[in-house]
Amino acid sequence: EAQVTQNPRYLITVTGKKLTVTCSQNMNHEYMSWYRQDPGLGLRQIYYSMNVEVTDKGDVPEGYKVSRKEKRNFPLILESPSPNQTSLYFCASSLSKVREQFFGPGTRLTVL
Amino acid sequence: SQQGEEDPQALSIQEGENATMNCSYKTSINNLQWYRQNSGRGLVHLILIRSNEREKHSGRLRVTLDTSKKSSSLLITASRAADTASYFCASQTGANNLFFGTGTRLTVIP
């Protein structure tokens with residue numbers, strides 16, 4: 001089944017404790033992206049990747065890192081999480097930047 | 001930020017009625033996309049309309065695009081209770097970014 005998977009789905013952590021949210025797609029998509037969704041603000045893009053080893057900042061990159069060592073994986077790293085990073089995070093992939101995106105199920109992160 | 005805006009923020013209709021949602025964006029686009037989200041879950045792509053298209057249909061969905069007004073609308077005809085969800089427009093700019101609006105929460109009452 002074609003899909004985007006994220007892990008974990010739910011995470012509660014404390015300020016400053018490094019964490020990684022994994023994202024994997026099995027559709028051989030070149031373009032991958034991370035978003036955060038907050039009430040009243042819609043979805044905002046954090047980082048995106050056009051292809052392996054190519055990443056770039058989105059709208060709200062501060063406090064986040066990403067890597068794209070393999071085509072299928074695009075992990076999101078929070079080196080020192082803070083409470084303002086409490087949010088619902090979505091990973092997405094698509095064939096190219098101008099095509100429709102396929103979204104993962106989301107990761108609900110709470111930083112205490 | 002180049003976020004778009006949807007109007008209305010919330011819409012409640014009876015089953016069988018049509019639902020219209022509007023979207024405005026700020027700069028030139030390659031395409032505009034509409035997505036649906038059931039509560040707290042991932043977004044599902046509904047339809048994509050390119051900047052050189054004015055209207056597109058997919059089943060009970062009809063999307064229009066007016067690039068001179070930087071606006072788009074999504075019409076859902078003969079609504080069903082299962083259409084209850086949040087609907088987002090997303091404008092795809094030439095700089096690779098996809099900018100989402102804040103969404104319209106649609107409730108279809110059986």
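In this simple spin-label model, placing a label point 7 Å from the Cα along the Cα-to-Cβ direction at both A:E1 and B:L75 gives a separation of 3.5 nm. Magnitude of the charge dipole for chain B, about its Cα centre and with charges confined to Cβ atoms of Lys, Arg (+1) and Asp, Glu (-1), is about 220 debye.
The alpha carbon centroids of the range A:1-70 and the range B:6-25 are separated by 30 Å. Using a cut-off of 26 Å between Cα atoms, the listed pairs A:K97/B:K69; A:K65/B:K56; A:K69/B:K26; A:K18/B:K26 include A:K65/B:K56; A:K69/B:K26; A:K18/B:K26 as exceeding that distance. Out of every Cα-Cα pair in the range B:1-83, what percent are more than 23 Å apart? That fraction is 21 percent.
Using a simple spin-label model with pseudo-atoms 7 Å out from Cα toward Cβ, B:R60 and A:E70 lie 4.1 nm apart.
Straight-line cross-link partners of A:K71 among the aspartates and glutamates, defined as a Cα under 12 Å from its Cα and at least 8 positions apart when in the same chain: A:E30, A:E53. Rounded to the nearest whole Hz, the Karplus-based 3J(HN,Hα) values (6.51 cos²θ - 1.76 cosθ + 1.60, θ = phi - 60°) of the range B:31-47 follow the sequence 7, 10, 10, 10, 10, 10, 9, 7, 2, x, 10, x, 7, 10, 5, 9, 7, with x at glycine and proline. Cβ-to-Cβ counts within 10 Å put B:M21, A:M32, A:M50, A:M27 in ascending order as A:M27, A:M50, B:M21, A:M32, the fewest first. Sorted largest first, the spans of the alpha carbon positions of the protein assembly as shown along the three principal axes are 49, 36, 35 Å. If only the Cβ of Lys and Arg carry +1 and only the Cβ of Asp and Glu carry -1, the dipole of the protein assembly as shown around its Cα centre is close to 360 debye. Computed from backbone phi with θ = phi - 60° and the Karplus coefficients 6.51, -1.76 and 1.60, the 3J(HN,Hα) list for the range A:77-89 is 10, 10, 5, 9, x, 10, x, 6, 9, 5, 5, 9, 10 Hz; x is used for glycine and proline. By the count of other C-beta atoms within 10 Å, a proxy for reagent exposure, A:V14, B:V44 are ordered fewest to most as A:V14, B:V44.
Computed as a quarter of the hull surface, the mean projected area of the alpha carbon convex hull for the range B:49-110 stands at 4.9 nm².
Here, each number is a calculation from the coordinates, and none is a lab measurement. In this text, all values refer to a predicted model and were calculated from it rather than measured experimentally. Note that we place each Cβ from the backbone using ideal geometry, even for glycine, and neighbour counts take in every protein chain shown.
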